[in-house]
1. Which ordering of Ser246, Ser40, Ser203, Ser19 is given by a fewest-first count of other beta-carbon atoms within 10 Å?
2. So, in nm, how far is label Phe74 from label Ala282 when the simple model puts each one 7 Å beyond its Cα toward the Cβ?
3. Pulled fully out, how much extra length does the chain show between Leu343 and Ala53, if you take 0.36 nm times their separation in residues and subtract their Cα-Cα distance?
4. Would you calculate the convex hull of the Cα atoms in the range 188-345 and tell me its volume per residue in Å³?
5. Determine the gain in length on full extension of the stretch Phe10-Ser178; use 0.36 nm per residue of separation and subtract their C-alpha separation, reporting nm with one decimal.
6. By counting other Cβ atoms within 10 Å of each Cβ, how are Asp304, Asp193 ranked from fewest to most?
7. Can you work out the FRET efficiency for the pair Trp228 and Leu33, with r the C-beta to C-beta distance and R0 = 35 Å, to the nearest 0.05?
Amino acid sequence: MNEDRFRKLFLLLVVAGISALFLAMVRGFVMTLLLAAILSGLMYPVYRRITLAVRGRRALASLLTLLLMMVGVFGPLAALAGVVAQQAIGLMAEVGPALKPFIDDPDRIRRELALIPGLSRVEPFMPQIAERSAEIVSGVGSFLVNRVSAATSGTVVFLFEFAVLLYAMFFFFLHGHSWLRIILSYLPFSEEDGQRLLERFVSVTRATLKGTLLIGAIQGTINGIAFWVIGRPAPAFWGAVMIILSVVPAIGGALVWVPAAIWLGLTGRLGQAIVLLVLCGAVSGSVDNVLRPRLVGRDTKMPDLLILISTLGGLGFFGAVGFIVGPLVTALFLTLWQILGELYRPSPLVKS
C-alpha cells in the first residue's frame, strides 16, 4: 500500500468516525432539525416575498417570517388547544357520574344488553367479554394517565425543542439554499440525479403536509359537527382527536366514530347512530376518497397502499413526525433504486 493510498484510507476512516460521533451527539435534535428544514421549505416563498418587501434585509425577513408563522399558524392552534383541553377536562368530569349507576347496580348492564336482539347467542361468552373489557378499560386508563403525566413533565423539553426549531428555521431561511448546494456537491450523484432527489423530497413533503393537514382539518371539522349535531359532549375534543388520527389514511377518524356509532345503536339511540354514520362515514369518508388521491397520490407518484404502509411504518418508527418522514423515506427509496437501475441497466444496441 503506497503512502498516498494510506493517507486517503486513513482520512476516510477519520471522517467516518467523526461523522458517526457527530450524529450520535446530535441524535436528540435530528427530528427537530428535520421538521425545521421542512417548515422552512414550506415557508420559503413567504420569506422571499418579505425579503423583497424589506429591500433585501434577509435577517429581518427571516424574523418577520417566523413572527408571521407564529401568529398565523401557532396562535390559532394554541387557541384551539385551549378549547380542546377545556372540553377534555369537562368530559373526564362527566365520565364518573355517567358510570356511577352501572357501578352501583352491576346487573343494570345485563338488563340493558338483554334488550339487544340476538344477545342470547353470545350469553355463554359474557364472562370472557367482561374480563377482556375490564382489561381494555384498565389499559386505556393507564395510557391516559401516563400520557397526561408525560405531557406535564415534558413541557420544559417541548419549549426547549420549540426554541431550537425556531432558531434553526431562522438560519435555514438565510443559508438553506447554499447549505443544500454544498450537501448535493458531496453526494456521488450527477447534477441531474441530485436535482431529481431534491425535487422528490420537496414534492413528497409538500404533498404529504398539504394532503394530510387539509384532509384532516376538513374531516375533523365535519366529524366534530356531527358529534355536536347529535348532542354528544366535547365535540371540539373529538374533532381534534380525529384530526390527529386522520394522518392514518382510510381508517384514522373511523377509530373514534365507528365505536361511537355502535355504542349509540346498542343503547337504543338509533337515530343518532344513523346521523353519525351518514356525516362521518359518507360525507367525511368521501372527502378522504376524493381528495387524498389528488392531493397526495398525484404528487408523490405512489400508490395508495404504499402511502398507507409508509405512513403507518413512519408513525411506528419515527413517532409523531412519521406521517411526513415515512412517505418521504419511501419516495427517496424508490427514487434511489430508479437511479441505480438507470445507472446499471445495459444500454440498448444502436442499430446501424
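Every read-out reported here was derived from the displayed coordinates using simple, explicitly stated rules and does not represent laboratory data. For clarity, every value in this text was computed on a predicted model and none was experimentally measured. When we count neighbours, we look across all protein chains shown, and the Cβ atoms used for this are built from the backbone with ideal geometry, even at glycine.
1. Ser19, Ser203, Ser40, Ser246
2. Those two pseudo-labels are separated by 4.3 nm.
3. 99.9 nm
4. Numbers: hull volume 16.9 nm³, N = 158.
Spread over its residues, the Cα hull of the range 188-345 gives 107 Å³ apiece.
5. Additional length available on full extension: 57.6 nm.
6. Asp304, Asp193
7. So the FRET efficiency works out to roughly 0.30.
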